[in-house]
Structure formats: C-alpha cells, structure tokens
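These notes concern the structure reproduced below.
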Amino acid sequence: MTIATATVRKHLTDIKEWQKLGEANIFPPDSRLELIDGEILEMAPIGSNHSGHVIRLTHFLSTLVFGKAIVSVQNPLQLGDLSEPEPDFMLLKPNEDFYCSRHPNADDVLLLIEVADSSLSFDQNQKLRLYANHNIPEYWLMNLNDSCVEVYRQPHGDCYGEKTTLRVGDSITLSQLDQITIDIADIL
C-alpha cells in the first residue's frame with residue numbers, strides 16, 4: 001500500500017491583493033498584520049516598554065527634524081510588489097502632500113527604526129534583509145533586551161556593509177541629515 005503525501009503550498013499575495021483585502025475588511029480592525037515577502041504575518045502585541053520608546057523617539061526626533069524630514073510612526077512602507085511593513089518609526093523625505101496620494105517607498109526613507117524586544121530575532125534577520133534588499137540607507141534597531149541601538153548602513157544585497165552598536169554615552173550623526181547628531185541617552 002502506497003501512502004500519498006500531501007504537498008503543502010503557500011499562497012503568496014502581492015500589494016494589490018493585500019490592499020483589496022484591507023479595503024474589504026477581511027481582517028479584524030485590531031489586527032496587527034504586515035505583508036513581508038508576499039506572506040501575511042501577524043505581529044506580536046505592543047507592550048508598554050515598546051510603545052514608550054516609540055513615543056520617546058517621536059517626541060525627541062520630531063523637533064530635531066522639523067522642516068527637514070517628515071516623521072512617520074507605525075505607518076505602511078511599500079517595498080516592491082510583495083512587502084508592506086509598518087516600521088515603528090521613519091524619517092521621510094519632504095513630500096508636498098505628506099504622502100496622502102501614495103504610501104512612501106524605499107526611495108523616500110531617510111531613516112527607518114524598529115523597536116524590538118519580543119520581535120528582536122525577526123527584526124535582526126527578516127526585517128534587516130528586507131530593508132537591505134530595498135536599499136534603505138540607514139536602519140536602526142532599538143534592541144530593548146540589550147539596551148543598545150544597532151545601526152546598519154551601506155545596504156548591499158540582503159545585508160548591510162556597516163553595523164555599529166551604540167549605548168548610553170554614545171552619539172550618532174544621521175547619515176542622510178548630517179547636521180543632526182543624537183545622543184543615544186535621549187532615545188534609549
């Protein structure tokens with residue numbers, strides 16, 4: 001007797017289908033979903049430490065970049081036809097309509113920040129590769145577990161050529177906005 005084995009196949013989706021699913025209210029309103037490489041992924045709920053750091057970033061960086069960049073917090077970023085993550089924080093190039101007519105894409109990003117505690121491994125691996133593949137020039141991972149900021153620059157293929165780990169006492173100048181220097185203590 002021969003036992004047949006079933007082949008498991010994934011149904012990958014693209015941005016157009018993803019947006020249609022959203023418009024049709026297929027997902028519950030409180031869902032935390034992202035489209036990453038054609039897969040719909042459920043993200044972990046946001047805890048108070050995570051949200052507090054996002055609020056701190058927003059509060060501190062908004063005043064520093066006023067008139068030089070647009071602050072975007074937990075909003076969609078269209079990366080190609082198969083990914084639409086919602087990074088915790090982005091600084092975007094100025095746009096006359098503040099991205100009302102389209103979602104920003106990789107060319108619009110000056111700085112992208114993910115805040116990570118429970119999602120640390122995912123953000124250090126899948127998200128890092130995604131952002132590098134789409135040439136996000138500067139990716140910061142606020143690693144709350146180790147109380148540091150991992151700074152990734154010089155995207156090349158699916159990795160970054162430069163990684164720097166910063167802690168309280170260190171400072172950094174934004175690569176895309178060179179007049180702005182940040183003390184890590186102010187955001188961590």
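If you average the sequence gap of Cα pairs under 8 Å that are 6 or more apart and divide by the length of the chain, what percent do you get for the contact order? Answer for the chain is 14 percent.
From the alpha carbon centroid of segment 65-101 to that of segment 170-188 is 19 Å. Highest mean first, the peptides 20-26, 110-116 sorted by other C-beta atoms within 10 Å per residue fall in the order 110-116, 20-26. Just the protein heavy atoms count here, and of the accessible area of segment 76-188 at 1.4 Å, carbon and sulfur take up 42 percent. Highest mean packing first, where packing is the average number of other Cβ atoms within 10 Å per residue, the peptides 60-72, 39-51 line up as 60-72, 39-51.
Roughly how tilted is helix 48-65, in degrees to the nearest 10 and between 0 and 90, from the longest Cα axis of the chain? Long axis of 48-65 versus the principal axis of the chain: about 50 degrees. Over the chain, accessible surface divided per residue gives 56 Å², non-protein components excluded, 1.4 Å probe. Helices in the chain, meaning DSSP H runs of at least 4 residues, each add -39500 (n - 2.57). Divided by all residues, the mean residue ellipticity at 222 nm is -5500 deg cm²/dmol.
Once the Cα-Cα distance is subtracted from the 0.36 nm per residue extended length, the residue 125 to residue 12 segment shows a gain of 38.7 nm. Modelled this way, with points 7 Å down the Cα-to-C-beta line, the labels at residue 20 and residue 41 are 2.5 nm from one another. Computed extension length for residue 62-residue 49: 2.7 nm, one decimal, from 0.36 nm per residue of separation with the Cα-Cα distance subtracted. The slack in the chain from residue 175 to residue 163, taken as 0.36 nm per residue of separation less the alpha-carbon distance, amounts to 3.0 nm. Taking label points 7 Å from Cα along the Cα-to-Cβ direction, residue 107 and residue 75 give a separation of 1.9 nm.
The values are calculated or read from the model by the stated rules, or taken from the named source; none is laboratory data. Note that the coordinates shown come from a computational prediction; the quantities given were computed from them, not determined experimentally. We place every Cβ from the backbone using ideal geometry, glycine too, and count neighbours over all the protein chains shown. Just the protein is used for accessible areas: all its heavy atoms, side chains included, with ligands, DNA and RNA removed. Shrake-Rupley method; radii C 1.70, N 1.55, O 1.52, S 1.80 Å.
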